[in-house]
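Okay, so here's the structure we're looking at.
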Amino acid sequence: MALGARSAMSMRLLVFAPTRRAPTETFVRANLQGLPFEIIAYFGDEQPLSDPGRLAYGLAILVSKALTRLGLLRLATLPGSLVAWCLIRRHQPDVLMTEFGFHAVRVMEAAAWSDTPLIVHFRGSDASAQNRLGLLKDRYRRLMVIVSGIIVKSQPMRRTLLALGAPNDHLIVSPSGADERLFHGADPGRSSPLLVAVGRFVAKKGPLQTIRAFAAMRQSLPEPVALTTKLVMLGDGPLLAEARQLVEALALGSAVILPGLADRQRVAELLRQARCFVQHSQVAPDGDREGSPVAVMEAQLSGLPVVATRHEGIPEVVEDGVSGFLVDEGDLQGMAAAMARLIVEPDLAARLGAAGKRRAAANFTARHHLEQIAALLRKVIQESR
């Protein structure tokens, strides 16, 4: 790189991300705010007339998307890469980082042309959904030649990318982690029989399966307990309407509450009132998978036991029988039994919740995640000089 040496605190990071607006990008924004670098970020869904650079980048990404839909994948790389190359010349970064693999292929050639190290942050569907992997496999192989470092969310995701040629010595597994300042204070041994789920209403999160498992659990409980047990599912998405229909069809009435989206403060408050956290993650019909769900880490850091599935990175976070219970994907009766046990045994919920809190505090905080990313960024910068 044709860059002068900078101090650690003044190293410059140029970030390219697909969108600033979507709720799923909460953790992208958190990463940008928490890294100890001078950060300049461009988002593919911004085209402000007042900023020619951002306007050019947003328009280039629109063209790239159109070319991708036409199947012109090699050509689709050029618009974003050309504008990114101009932005690199303008900002003179020490390192580049792109959020999501599918976005990285839109700008990757700029890193090669400018000899600037590139870090790619894979987050889930970009390394699992078959429609993306099948379409982008050749582009990903090219990306692995260019990239200087990769961040993934789980060991299964790591294995997928290694098979595509990812550099093993510069590939780190780093779940996004939970915010210690916000997620704390749950007391499941003394709480009311409240179960909480947090996440988008999409197939890989399994919201319909969670509702069916809850219905089965209520049938197994003594009637006085069943009548006081509630499930609150925070989130929005394409399956929310179907979830509401299912609640009505199963005659669950007010036992299942679907209030829609909530901010992080509201999520934290609800977790502090709960007995346990539940999520039936699964492989979606299109192959889409979780990484390591942040909501699971937030629940554990709060002090809650977790009932979830043996899906992707979840077993790396939740220890079955130690900090919660894990069941196979599709095992609704197993999930119902695990939830029921935590409802009728509050002392068990307290013990598992305490173990999960210790594990999350040691391994799955946002601070820990940012430290890992910063260390990788410094490593590739040092090696590029």
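Every read-out reported here was derived from the displayed coordinates using simple, explicitly stated rules and does not represent laboratory data. Note that the structure is a prediction, hence the values are computed from the model and not measured. Methodologically, a virtual Cβ is constructed for each residue, glycine included, from the backbone with ideal geometry; neighbour enumeration extends over all protein chains shown.
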| field | Top positive-direction residue, dipole computed over the stretch 194-363 with Cβ charges, set VAL307, GLN265, HIS280 | value | GLN265
| message | I need the shape label for the stretch 194-363. Rule: rounded when a/c is under 1.5, else prolate if a/b > b/c, else oblate, with a, b, c from the alpha carbon gyration tensor. | response | rounded
| task | Set the Förster radius R0 to 22 Å, insert the Cβ-Cβ distance between ILE40 and ASP115 as r into 1/(1 + (r/R0)^6), and round the FRET efficiency to 0.05. | result | 0.75
| note | Given 85-92, 101-108, the highest-first ranking by average Cβ count within 10 Å works out to 101-108, 85-92
| Among 204-214, 369-379, what's the highest-first ranking by average C-beta atoms within 10 angstrom per residue? | 204-214, 369-379
| Based on the Cβ-Cβ distance of LEU261 and GLN33, what FRET efficiency does E = 1/(1 + (r/R0)^6) give at R0 = 22 Å, to the nearest 0.05? | 0.60
| remark: Candidates GLY124, GLY324, GLY34; GNM for the chain (alpha-carbon contacts under 10 Å) flags as most fluctuating GLY34
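Could you grab the relative contact order for the chain? Cα pairs under 8 Å, six or more apart, rounded to a whole percent.
16 percent
What number, rounded to the nearest 500 deg cm²/dmol, is the helix-based mean residue ellipticity at 222 nm of the chain, given -39500 (n - 2.57) per DSSP H run of at least four residues and division by all its residues?
On the way: 15 runs with 188 residues, N = 385.
Calculated from helices alone, the mean residue ellipticity at 222 nm is -15500 deg cm²/dmol.
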| request: Give the long-range amide H neighbours of LEU231: residues separated by 5 or more places, or on another chain, with amide H under 5 Å away, using H modelled in the peptide plane at 1.01 Å from N. | output: LEU195, VAL256, ILE257
| message | Suppose each label sits 7 Å from its Cα in the direction of the beta carbon; what would the LEU162-VAL344 distance come out to in nanometres? | response | 4.3 nm
| note | Pseudo-spin-label distance ASN363 to ASP138, built 7 Å along Cα→Cβ, given in nm, is 4.0 nm
| field | Options [x] 41.1; [y] 24.8; [z] 18.7 - which one matches mean projected area of the Cα convex hull in nm² as calculated here | value | [z]
| Quick one: putting +1 on the C-beta of Lys and Arg, -1 on the C-beta of Asp and Glu, what dipole do you get for the chain around its Cα centre, in Debye to the nearest 20? | 640 debye
| request: Using label points projected 7 Å from each Cα along Cα→Cβ, tell me how many nm separate ASP320 and LEU78, to one decimal. | output: 5.2 nm
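Going through the cross-link list LYS204/LYS230; LYS153/LYS379; LYS357/LYS379, which pairs have a Cα-Cα distance over 21 Å in this structure? Intermediate results must be reported in sequence, preceding the final value.
Values: LYS204/LYS230 23 Å; LYS153/LYS379 19 Å; LYS357/LYS379 31 Å.
Violating the 21 Å limit, Cα to Cα: LYS204/LYS230; LYS357/LYS379.
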